[in-house]
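Below is one structure, written out as structure tokens; the observations come after it.
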Amino acid sequence: MGKGELMMRKAELKRDTNETKVAVAFSLDGEGKADIETGVPFMDHMLDLFIKHGLFDGEIKADGDTHIDDHHTTEDIGIVLGQAVKEALGDKKGIRRYGNAFVPMDDALAQVVIDCSNRPHLELRGEIPNAKVGTFDTELVQEFLWKFALESRMNVHVIIHYGKNTHHIIEAVFKALARALDEATSIDPRVKGVPSTKGLLT
């Protein structure tokens, strides 16, 4: 059963705080259509790549206190996007559960491995060589990934195998995240019910 034959698995969520307003409409079974406007240009680029390379559909809008820095906006996008993925997955019946992707980007090679386990964890191994890409603080990559893993309730391992260019490294990570998530959430017609000996993944 391919993506086109599936009942659309999607979610629409909002989060409003004194620091940010974030709205996400997300579909696991898409065509790579992205409409991103977060007020953080580097995250716009990374999220656009994430949607397109995962063959999801996503509209992500954010309005945050970027006059201070990009922290709250990036963090809250991770929270809401993770929640949307969890809601879109529903009862997880028939999914592959695990996903693994290697993505090269010129000098950089990144790998992301995912388990839709309902046991959230982020393991990030490897170095991001520079503290900034343009005006974006690269430490926020880990912040985004941790909140995404936590709220989607997934076990996410990110391995940066090597790379010199910081932009290339982070781009490889987001593309690998997309492809691993696509694999993990894809329906396998051989899977009957939930792929767990416990009988549930919720």
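The values are calculated or read from the model by the stated rules, or taken from the named source; none is laboratory data. What you see is a predicted model; the values in this text were computed from it and never measured. Note that each Cβ is placed from the backbone with ideal geometry, even for glycine, and that neighbours are counted across all protein chains shown. Please note that ligands, DNA and RNA were not included when accessible areas were found on the heavy atoms of the full protein model with its side chains. Shrake-Rupley method; radii C 1.70, N 1.55, O 1.52, S 1.80 Å.
Annotations
- Residue in region 54-95 that is modelled with the highest pLDDT, counting only those that are within 18 Å of A149 (Cβ to Cβ) and of a type in the set (K, R): K86
- Enumeration of residues in region 111-129 that are under 16 Å from D182 (Cα atoms) and at pLDDT 95 or above: Q111, V112, V113, I114, D115, C116
- Pair list, Cβ < 6 Å and 6+ apart or interchain, from region 161-179 residues that are over 16 Å from G99 (Cβ atoms) and of a type in the set (G, A, S) to residues that are at pLDDT 95 or above and surrounded by fewer than 19 Cβ atoms within 10 Å (Cβ to Cβ): G163/D107
- Residue match in region 91-100 (condition: small (G, A, S), closer than 30 Å to V191 by Cβ and in a loop (DSSP other than H, G, I, E, B)): yes
- Residue within region 111-128 that is of a type in the set (A, V, I, L, M) and more than 17 Å from the chain's Cα centre (by Cα) present: yes
- In the set E12, E31, only one residue is of a type outside the set (S, T, N, Q) and either without any contact (Cβ under 8 Å) to a residue 40 or more places away in the chain or closer than 21 Å to L140 by Cα (or both); that residue is E31.
- Some residue of region 171-193 being open to solvent by 60 Å² or more (accessible area, probe 1.4 Å), at pLDDT 95 or above, at negative phi and not in a helix (DSSP H, G or I): no
- Those strands (runs of 3 or more DSSP E) of region 13-64 in which 2 or more residues are hydroxyl-bearing (S, T, Y) occupy 20-27.
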